[in-house]
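The values are calculated or read from the model by the stated rules, or taken from the named source; none is laboratory data. This structure is a prediction, so every number in the text was calculated from the model and none was measured.
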Amino acid sequence: GMLDPDTGEDNFAHENYLDMGYALVGTVDTVCRQMEALTKRLPVNWIFGWAYNGLLPHDKMMQTLELYATKVMPKFG
């Protein structure tokens with residue numbers, strides 16, 4: 001992880017990403033709510049999508065990408 005320059009704490013450990021609003025995870029509605037909260041809090045110009053491809057079967061990964069592209073992105077693009 002990365003250390004917080006002010007506290008020296010490892011606040012950027014992957015366990016904290018969801019709590020800090022940096023990981024968008026869940027149903028389409030949940031991800032849309034998370035994205036809305038993030039864009040209200042920060043000047044978001046782009047979102048980097050990252051997934052552990054090896055942890056999901058190909059069909060599930062494709063379903064996830066399709067849902068994101070067709071249900072989430074249009075609301076924010």
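Descriptive notes on the structure:
- The set of residues in the stretch 28-53 being in a helix (DSSP H, G or I) and among the hydroxyl-bearing types (S, T, Y) consists of T30, T39.
- Residue within the stretch 19-28 that is closer than 16 Å to P74 by Cα and of a type in the set (D, E) present: no
- Exactly one residue among K71, K40, K60 is among the basic types (K, R) and modelled with pLDDT of 95 or more, and that residue is K71.
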